[in-house]
Amino acid sequence: MSQGPEWHFAERPAIEHLEAMGYSFVPPVEHAALRDGDNQVLFRPHLVEALMRINGIDTASAEAAYGELAGISDNEAWLKVLRGDYSRKVSGHDTRLTLRVIDFLEPGNNRFTVTSQLRVKAEATRRPDLVIHVNGIPLVVIEAKSPLNTKDKSGEAFEQMRQYERDIPRVFASNAFNIVTDGALMLYGATGSP
């Protein structure tokens, strides 16, 4: 983890602000235990636990659902899942059961986390500065720039975000939006937005 001006003035304050809002920080040292590999972005134990907690299903059914969800690589398909349009056969039910991955009725029933330097391996390995997960699903990617840099930080950050979208698209399949910040100014937009 970088300890330069970008960390001190943008990344760390963003993490601290999110922690003050109830998010838990997941340090990079824990990434390997939470994912099925460097090319995966879902935090498996968090998602399996959430599926069980929110839907009242058994571990085997939650693991099977995780396997299906891990294979979704399309943002529109993920949007349907996030909105509650996902069903599958689960133990103890004769018909398919609608499974929710986020509890919108009881927000306290969700696990909100932020992590830094999530190493994602694909054609090119990249590390977004910060990634926000809800129940183990990456929903927001944050690119931080040092406010001490006098260059056009937002242009540089947007270009880096586009590079991430191109090189590690898996992070953006379930993505709701992206943020670029220098710790003082924050801009946000949808994946692929100009």
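Couple of notes before you dig in:
- Qualifying residue in region 163-178 (condition: charged (D, E, K, R), buried (at least 22 other Cβ atoms within 10 Å of the Cβ) and within 23 Å of TRP7 (Cβ to Cβ)): no
- Every condition in (1) touching a helix residue (DSSP H, G or I) at 6+ places or on another chain (Cβ under 9 Å); (2) under 19 Å from ARG126 (Cα atoms); (3) surrounded by fewer than 16 Cβ atoms within 10 Å (Cβ to Cβ) holds for PRO45 except the one numbered (2).
- Failed condition for PHE9, given (1) farther than 16 Å from HIS133 by Cβ; (2) in contact with an Asp or Glu (Cβ under 8 Å, 6 or more places away or on another chain); (3) open to solvent by less than 80 Å² (accessible area, probe 1.4 Å): (3)
- Residue tally, condition closer than 14 Å to LEU99 by Cα and in a loop (DSSP other than H, G, I, E, B), over region 58-84: 3
- Considering only residues in region 147-183 that are among the polar types (S, T, N, Q) and part of a strand (DSSP E or B), the one that is farthest from VAL41 (Cα to Cα) turns out to be THR181.
- Here MET186 clears all of (1) open to solvent by less than 10 Å² (accessible area, probe 1.4 Å); (2) more than 15 Å from the chain's Cα centre (by Cα); (3) not polar (S, T, N, Q) except the condition numbered (1).
- Pairs where the first residue, in region 155-174, is over 14 Å from ARG126 (Cα atoms) and the second is assigned to a helix (DSSP H, G or I) and open to solvent by 60 Å² or more (accessible area, probe 1.4 Å), C-beta under 7 Å, 6+ apart: ALA173/ASN75
The values are calculated or read from the model by the stated rules, or taken from the named source; none is laboratory data. Computed from a predicted structure; not experimentally measured. Note that each Cβ is placed from the backbone with ideal geometry, even for glycine, and that neighbours are counted across all protein chains shown. In case anyone asks, the SASA skips ligands and DNA or RNA and just uses the protein heavy atoms, side chains included. Shrake-Rupley method; radii C 1.70, N 1.55, O 1.52, S 1.80 Å.
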